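Q: What follows is a single structure, and I will ask about it in a moment.
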There are 2 protein chains.
Amino acid sequence: MDPRIREHAQVIADHSTGIEAGDMVVLSAPPEAEDLLVALYEAIGDRDATPIHVGQSERADRAFMRAADQEELETPRHTKALYEESDVLITIRAPRNATETSDVEPAATAARQRASQPVQEVALSKRWCLTQFPTAASAQLAETSSEAYEQFVWDAVNLDWEAQRDFQEEMVERLDSASTVRIVSGERTDLTMSIDGMIPINDDARHNLPGGEVFTAPVFESVAGEVYFDKPVYRQGREVTDARLVFEEGEVVEYAAEKNEDVLTEILETDPGARRLGELGIGMNREIDRFTYNMLFDEKMGDTVHLAVGNAYDMTVGENQEGNDSAAHVDMIVDMTTDSRIELDGEVVQRDGTFAFEEGFEG
Amino acid sequence: MDPRIREHAQVIADHSTGIEAGDMVVLSAPPEAEDLLVALYEAIGDRDATPIHVGQSERADRAFMRAADQEELETPRHTKALYEESDVLITIRAPRNATETSDVEPAATAARQRASQPVQEVALSKRWCLTQFPTAASAQLAETSSEAYEQFVWDAVNLDWEAQRDFQEEMVERLDSASTVRIVSGERTDLTMSIDGMIPINDDARHNLPGGEVFTAPVFESVAGEVYFDKPVYRQGREVTDARLVFEEGEVVEYAAEKNEDVLTEILETDPGARRLGELGIGMNREIDRFTYNMLFDEKMGDTVHLAVGNAYDMTVGENQEGNDSAAHVDMIVDMTTDSRIELDGEVVQRDGTFAFEEGFEG
């Protein structure tokens, strides 16, 4: 077995989920991830914990969703019972065909997600981790060879997470003491928002592997200015390119996109909260040096900023603050490598992809 | 998809387990069985039931069992909770390599089985079905081509089970009113036993798919005579050929085998019950016309008899009778197609593979 796979399994078992003797562990993985599954079963055996493997088959899911009556979908009570008796839940993404469920009605997918909501809530109350195993389909989506994609994934995942956490903590501290953030990039992005009383989170790869971002919630009514997204938004198999949003008093008042603007319209019309900002994230994992149409990686890309319209994460919203509320949460990415800066209370904290706490910074 | 796979799924869903609206269903299947998994997800969706897919990976199981400390193995409480909240459990066998766990210590396998015993008990209290999906590894074990093996499996599985049940019921009725069974085949098999007060069961493919046998328990102390097994016994990757047992007052007093006699010794020395008979079965599924080293099929082969040393099934033991008790249960097969007969209370009920209730029977 490729030694990078065993290393990946160890990062999951020790760093992300801290598996120990007596733990009941659920491993959710499709057949493509079998090597990582095997390495994890070995790691779980080594640690005297107990595994169960829950299969993932998008072909089977598609067949079920096309056959089932949406009105009759029930909460999977058996799956909920399984999760309730578990300590650790590990989900491995490894698609064989990234568009396998493209001919399932979005309403059917949404109905199934609603029915599974109580299961999802149990899952989020456990030690959980979402990760990726490289497959040909993921490489194809990323427009790269399988070998190059494997290297990309394992470089991003098998990091020195202690060092990465310390690096990110520099940014957390600065955000923690700041009130106003300004994002400027090129001619088309100049956005200002307050983060007063909000909580910056250091994503050091507990729940997401790879991790590598610092994120918080904006005071949503404070958002003003315009933003141009350099990277496409990939949504249910459709790519929205050159998206642009204009904010006034926290609301999107104008928007446009080059390709698939109607998808952007759908997103913004989900509910009133979908026209407001729920997240500001700063990508700091420099092993992620290219866009791969996979948000688990894209949002952590080094020297990017991402903004999500829609729901704010509870953990980022301060006690006396209100987070934005929405059924949507769609991340979009701004490239910060050239002609760009992040300002905190008027002071530049990153310019052209170099942070103020790094060598070579020119304030 | 091959229409025989959809038919297989329908037999499982309707005949074997009777899936209906609201059922919580567990599907345990390895990657090789994905087509049947997809067909079952479709059938489950059609019937407004709710599936979960539990994966099977013998590579992962092997890695776990080799890594884990046997003393520290715990009951998989999460799996038990899953089963407790389920109505239907379907297990699909579909090996990629039939000898995948051949380098796991038998003691480790046994320890894991012991730890899982409480889970197994819950499973047996539900509507459950064990079936087979054809794979190259199974075909290789059966010494046939993949295409021929597929045809073999689906012919055996996709039977007219109503007609098969009626056919088998003829034998059930005769066994039900009989006291003494005598099995004679060639020069080397002549065995007599009482089945007085025991219960003959019509296996019409509820728990096993394929089904196709009628089985009961002998009054164990009544077994006398000798039996030669025409078909090999396949046990943990080793083949015992030309096995022969001699019974006196229900006990094996002499035995021999051509190849791997030590495996036979191991079986018979499991415990005192392993030297006594726990089951008499009559194979009646004539679509199973060859030996394939797979007991799920072999024991139902048309015109065979199988005898199991070891434990008797509770459902076959009458109220005022005692069934044999053992940790072992090993089936062995006698060919009844030529120079052979089954007698019930001195009356021939099958001669040279033709039953008394069939055309062409010559008493």
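Q: Give the residues of region B:38-60 that are within 7 Å of chain A (Cβ to nearest Cβ) and assigned to a helix (DSSP H, G or I), sorted by residue number. Steps first, please.
A: Step one: list which residues in region B:38-60 are within 7 Å of chain A (Cβ to nearest Cβ), which gives B:38, B:41-42, B:44-46, B:48, B:50-55, B:57, B:59-60.
Correct list: B:V38, B:Y41, B:E42, B:I44, B:G45, B:D46, B:R59, B:A60.
Q: Further question: Restricting attention to region B:297-310, does a residue exist that is open to solvent by 50 Å² or more (accessible area, probe 1.4 Å) and under 28 Å from B:T101 (Cβ atoms)?
A: Of the residues in region B:297-310, the ones open to solvent by 50 Å² or more (accessible area, probe 1.4 Å) are none.
Within region B:297-310 (the criterion being open to solvent by 50 Å² or more (accessible area, probe 1.4 Å) and under 28 Å from B:T101 (Cβ atoms)), the answer is no, since none of the residues qualifies.
Q: Please enumerate the residues belonging to region B:11-25 that are under 23 Å from the mean Cα position of the chain (by Cα) and either surrounded by fewer than 17 Cβ atoms within 10 Å (Cβ to Cβ) or among the aromatic types (F, W, Y) (or both).
A: Passing the criteria: B:D14, B:G18.
Q: Kindly establish whether A:A136 is surrounded by fewer than 16 Cβ atoms within 10 Å (Cβ to Cβ) and assigned by TED's automatic domain parsing to the domain that holds A:V25. Explain how you work it out, then say what you get.
A: Working: surrounded by fewer than 16 Cβ atoms within 10 Å (Cβ to Cβ): yes; assigned by TED's automatic domain parsing to the domain that holds A:V25: yes.
For A:A136, the condition - surrounded by fewer than 16 Cβ atoms within 10 Å (Cβ to Cβ) and assigned by TED's automatic domain parsing to the domain that holds A:V25 - is met.
Q: Restricting to region B:176-210, give me the number of residues that are assigned to a strand (DSSP E or B) and open to solvent by 10 Å² or more (accessible area, probe 1.4 Å).
A: Within region B:176-210, the subset assigned to a strand (DSSP E or B) is B:180-185, B:189-194, B:201-203, B:208-209.
The next check asks that each one be open to solvent by 10 Å² or more (accessible area, probe 1.4 Å); those that pass are B:180, B:182, B:184-185, B:190, B:192, B:194, B:201-203, B:208.
Qualifying residue count, region B:176-210: 11.
Q: Another question about this same structure. Could you grab the pairs with beta carbons closer than 8 Å, sequence gap of 6+ or different chains, first residue in region B:70-84 and small (G, A, S), second one open to solvent by less than 40 Å² (accessible area, probe 1.4 Å)?
A: B:A81/A:A81; B:A81/A:L82
Q: For A:R66, state whether it is farther than 27 Å from A:P232 by Cβ and in a helix (DSSP H, G or I).
A: yes
Q: If you don't mind, another one. Select from region B:105-118 the residues that are surrounded by fewer than 20 Cβ atoms within 10 Å (Cβ to Cβ), within 11 Å of another protein chain (Cβ to nearest Cβ) and either within 13 Å of B:L27 (Cβ to Cβ) or in contact with a helix residue (DSSP H, G or I) (Cβ under 7 Å, 6 or more places away or on another chain) (or both) and list them in ascending order. Explain how you work it out, then say what you get.
A: Initial filter on region B:105-118 (surrounded by fewer than 20 Cβ atoms within 10 Å (Cβ to Cβ)): B:105-107, B:109-118.
Okay, now just the ones that are also within 11 Å of another protein chain (Cβ to nearest Cβ), so B:112, B:115-116.
Scanning region B:105-118 gives a single hit, B:R112.
Q: Another question, then. Scan region B:82-119 for residues that are closer than 29 Å to B:H15 by Cβ and among the small types (G, A, S) and jot them down.
A: Matches in region B:82-119: B:S86, B:A94, B:A98, B:S116.
Q: Please work out if B:A21 is farther than 30 Å from B:N202 by Cα, within 10 Å of chain A (Cβ to nearest Cβ) and not basic (K, R). Spell out the reasoning first.
A: Working: farther than 30 Å from B:N202 by Cα: no; within 10 Å of chain A (Cβ to nearest Cβ): yes; not basic (K, R): yes.
Considered against the rule, which asks whether it is farther than 30 Å from B:N202 by Cα, within 10 Å of chain A (Cβ to nearest Cβ) and not basic (K, R), B:A21 comes out as no.
Q: Among the residues of region A:139-175, write down those that are part of a helix (DSSP H, G or I), touching a helix residue (DSSP H, G or I) at 6+ places or on another chain (Cβ under 7 Å) and either open to solvent by 50 Å² or more (accessible area, probe 1.4 Å) or under 18 Å from A:N97 (Cβ atoms) (or both). Walk me through how you get there before you give the answer.
A: Initially, region A:139-175 is screened for residues part of a helix (DSSP H, G or I), giving A:139-141, A:146-157, A:161-175.
Still in the running and touching a helix residue (DSSP H, G or I) at 6+ places or on another chain (Cβ under 7 Å): A:139, A:146, A:149, A:154, A:156-157, A:161.
Answer for region A:139-175, where residues must be part of a helix (DSSP H, G or I), touching a helix residue (DSSP H, G or I) at 6+ places or on another chain (Cβ under 7 Å) and either open to solvent by 50 Å² or more (accessible area, probe 1.4 Å) or under 18 Å from A:N97 (Cβ atoms) (or both): A:A139, A:S146, A:Y149.
Q: Still on this structure, I have one more. What are the residues in region B:8-33 that are assigned to a helix (DSSP H, G or I) and touching a helix residue (DSSP H, G or I) at 6+ places or on another chain (Cβ under 7 Å), if any? Let's see the steps before the verdict.
A: Applying the first criterion (assigned to a helix (DSSP H, G or I)) to region B:8-33 yields B:8-16, B:31-33.
The answer is B:H8, B:A9, B:Q10, B:V11, B:I12, B:A13, B:H15, B:P31.
Q: Just one of B:T75, B:T50 is in contact with a helix residue (DSSP H, G or I) (Cβ under 6 Å, 6 or more places away or on another chain), hydroxyl-bearing (S, T, Y) and either under 27 Å from B:N158 (Cβ atoms) or not assigned by TED's automatic domain parsing to the domain that holds B:R206 (or both); which is it?
A: On the way: B:T50 fails: in contact with a helix residue (DSSP H, G or I) (Cβ under 6 Å, 6 or more places away or on another chain).
Going through B:T75, B:T50 in turn, the sole match is B:T75.
Q: Considering region B:28-37 alone, what residues qualify as being under 24 Å from A:R6 (Cβ atoms) and more than 7 Å from chain A (Cβ to nearest Cβ)? Give the derivation first.
A: So in region B:28-37, the residues under 24 Å from A:R6 (Cβ atoms) come out as B:30-31.
B:P30 - this is the single residue of region B:28-37 that is under 24 Å from A:R6 (Cβ atoms) and more than 7 Å from chain A (Cβ to nearest Cβ).
Q: In region A:277-309, which residues are within 17 Å of A:I267 (Cβ to Cβ), in contact with a helix residue (DSSP H, G or I) (Cβ under 9 Å, 6 or more places away or on another chain) and at pLDDT 95 or above?
A: A:L277, A:G278, A:E279, A:H306, A:V309
Q: From (1) open to solvent by less than 50 Å² (accessible area, probe 1.4 Å); (2) facing chain B (nearest Cβ under 7 Å), pick out the condition that doesn't hold for A:V88.
A: (2)
Table: residues versus (1) more than 7 Å from every other protein chain (Cβ to nearest Cβ); (2) among the charged types (D, E, K, R).
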residue	(1), (2)
B:R6	yes, yes
B:A9	yes, no
B:H15	yes, no
B:V26	no, no
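Yes/no matrix, rows are residues, columns are (1) part of a loop (DSSP other than H, G, I, E, B); (2) among the β-branched types (V, I, T); (3) within 28 Å of A:T292 (Cβ to Cβ); (4) open to solvent by 80 Å² or more (accessible area, probe 1.4 Å):
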| position | (1), (2), (3), (4) |
| --- | --- |
| A:E319 | yes, no, no, yes |
| A:E322 | yes, no, no, yes |
| A:D325 | yes, no, no, yes |
| A:V330 | no, yes, yes, no |
| A:T338 | yes, yes, yes, yes |
| A:R341 | no, no, yes, no |
| A:Q350 | no, no, yes, no |
| A:E362 | yes, no, no, yes |
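Q: When the residues of region A:69-80 are filtered to those that are more than 7 Å from chain B (Cβ to nearest Cβ) and part of a loop (DSSP other than H, G, I, E, B), which remaining residue is surrounded by the most Cβ atoms within 10 Å (Cβ to Cβ)? Step through it out loud before you land on a result.
A: First pass over region A:69-80, keeping only residues more than 7 Å from chain B (Cβ to nearest Cβ): A:70-71, A:73, A:75, A:80.
With part of a loop (DSSP other than H, G, I, E, B) added as a condition, the list becomes A:73, A:75.
On the way: A:L73: 20, A:T75: 15.
Only one residue fits best here, namely A:L73.
Q: If I ask for residues that are among the aromatic types (F, W, Y) and in a strand (DSSP E or B), which ones from region A:81-135 would you list?
A: So in region A:81-135, the residues among the aromatic types (F, W, Y) come out as A:83, A:128, A:133.
Across region A:81-135, the qualifying residue is only A:W128.
Q: Answer yes if at least one residue in region A:320-339 is modelled with pLDDT under 95, among the hydroxyl-bearing types (S, T, Y) and touching a strand residue (DSSP E or B) at 6+ places or on another chain (Cβ under 6 Å), and no otherwise.
A: Yes, region A:320-339 has at least one match.
The values are calculated or read from the model by the stated rules, or taken from the named source; none is laboratory data. For clarity, every value in this text was computed on a predicted model and none was experimentally measured. Using ideal geometry, Cβ is built from the backbone for each residue, glycine included, and neighbour counts are taken over all protein chains shown. To get the accessible areas, we keep the full protein, side chains included, count just its heavy atoms, and leave off ligands, DNA and RNA. Shrake-Rupley method; radii C 1.70, N 1.55, O 1.52, S 1.80 Å.
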